[in-house]
Amino acid sequence: MNVSIIIPCFNEGENIVDAVTMVINGMSDTVSEFEIILVDDGSLDNSRDLISALIEKDGRIRAFFHPHNLGKGAALRSGFEQARMEWILMMDADLQIDIAELRAFLPCYADYDVMAGVRIGRKEGLARFIISKIYNFLVSIVAGANFNDVGCPFKLLRSSMVRKLSLTSTGFAIDAEIFQAVSLLHYRIREVTVHCQPRVKGESKVRLRHLYETFIDLVRLKTSRKPY
C-alpha cells in the first residue's frame, strides 16, 4: 500500500509540526511508501514558516500555499491534484484523530474505493452533536444513501477514483460532494469507526456562517445531481 496524506491547514501553527511528526512515525511502520502533502490555505500565523522548515528536513513532504483563505474544499482539491500515490488519505492537522487509526482500514481496504471514518469518543457538546446529526441527515438526502459521519476528516480514497471526479466545492461541503459522487457512480464505500480526541491546541475553524454556506452548497448539489 502506498499513500498520499493530504493535510489542509489554516492557522494551525500550534499543531502542524506535531501532526507531521505523528504521521511520519505512524506511517513508517504501516505502509510501504507515503508522501505528505501540506496545503496551507492562506494562514495568518506562522504556519508557512513551519511548513517550509518541515520540507527542508524530509523529502517526503511537499507543500502548496494558497495566497489567501479559499476554504477547506479548495485546499483538499489542491492536494488531490498533486497526489502521486495509489491511495489518498485525508486528515486534519488538529491531532484529534491519530494516524494509527489507519490500521483499522487495512484488513479490507483493497475491496473498497472509499474507507470513511466514523468518529467515536467525541466530546464536543450537545450543540455540535445535534448539528452533526442534522448535517448527516441532509447529506444522506443529497447522496441518496445513509451515512453516519460525513464530516469526519479521516478518509481513505482510491486515487484513480478521485481523478475521475469533477469536484467543485470549496468549503466544508466537500465531504458531502465526495459522498454524493461515490453514491451516484456506485463506487464501493465502507465506514469504519475511528477514535477521536478533543482538540488540545488551536481552535476549530468551523463558524456559524460555514453552516449556512454548507447548507447552500448541499442545495446546489441536490439540484444539480451531476454525473461527475
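The values are calculated or read from the model by the stated rules, or taken from the named source; none is laboratory data. All of these numbers come straight from a predicted model, not from anything done at the bench. Here the Cβ positions follow ideal geometry from the backbone for every residue, glycine too, while neighbour counts run over all protein chains shown.
When restricted to residues that are among the hydrophobic types (A, V, I, L, M, F, W, C) and more than 15 Å from residue 24 (Cβ to Cβ), segment 35-84 contains 10. Here residue 114 fulfils each of the conditions (1) closer than 15 Å to residue 158 by Cβ; (2) surrounded by fewer than 18 Cβ atoms within 10 Å (Cβ to Cβ); (3) touching a strand residue (DSSP E or B) at 6+ places or on another chain (Cβ under 8 Å) apart from (2). The combined condition, being outside any helix (DSSP H, G or I), modelled with pLDDT of 85 or more and either charged (D, E, K, R) or in contact with a Leu (Cβ under 7 Å, 6 or more places away or on another chain) (or both), is not fulfilled by residue 203. When you look at residue 159, is it surrounded by fewer than 21 Cβ atoms within 10 Å (Cβ to Cβ) and out of contact with any strand residue (DSSP E or B) (no Cβ under 6 Å at 6 or more places or on another chain), yes or no? Judged against the criteria, residue 159 is not a match. One residue alone among 3, 39, 17, 31 is part of a helix (DSSP H, G or I) and either without any contact (Cβ under 8 Å) to a residue 12 or more places away in the chain or of a type in the set (A, V, I, L, M, F, W, C) (or both), and that residue is 17. Applying the condition of being within 27 Å of residue 66 (Cα to Cα) and in contact with a helix residue (DSSP H, G or I) (Cβ under 7 Å, 6 or more places away or on another chain) to segment 92-111 and asking which residue is surrounded by the most Cβ atoms within 10 Å (Cβ to Cβ) yields 93. Selection over segment 1-36 of residues that are under 22 Å from residue 161 (Cα atoms) and over 16 Å from the mean Cα position of the chain (by Cα) gives a count of 6.
Residue-wise test of (1) in contact with a Phe, Trp or Tyr (Cβ under 6 Å, 6 or more places away or on another chain); (2) more than 27 Å from residue 42 (Cβ to Cβ); (3) modelled with pLDDT under 90; (4) part of a loop (DSSP other than H, G, I, E, B).
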site: 141; (1), (2), (3), (4): no, yes, yes, no
site: 145; (1), (2), (3), (4): no, yes, yes, yes
site: 152; (1), (2), (3), (4): no, no, no, yes
site: 178; (1), (2), (3), (4): no, no, no, no
site: 198; (1), (2), (3), (4): no, no, yes, yes
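Scanning segment 13-54 for residues being under 19 Å from residue 76 (Cβ atoms) and touching a Gly at 6+ places or on another chain (Cβ under 6 Å) gives a total of 4. Summed over segment 42-94, the residues that are without any contact (Cβ under 8 Å) to a residue 60 or more places away in the chain, assigned to a loop (DSSP other than H, G, I, E, B) and not hydrophobic (A, V, I, L, M, F, W, C) give a count of 10.
For segment 159-174, the count of residues that are outside any loop (DSSP other than H, G, I, E, B), among the charged types (D, E, K, R) and either within 20 Å of residue 86 (Cα to Cα) or modelled with pLDDT under 90 (or both) is zero.
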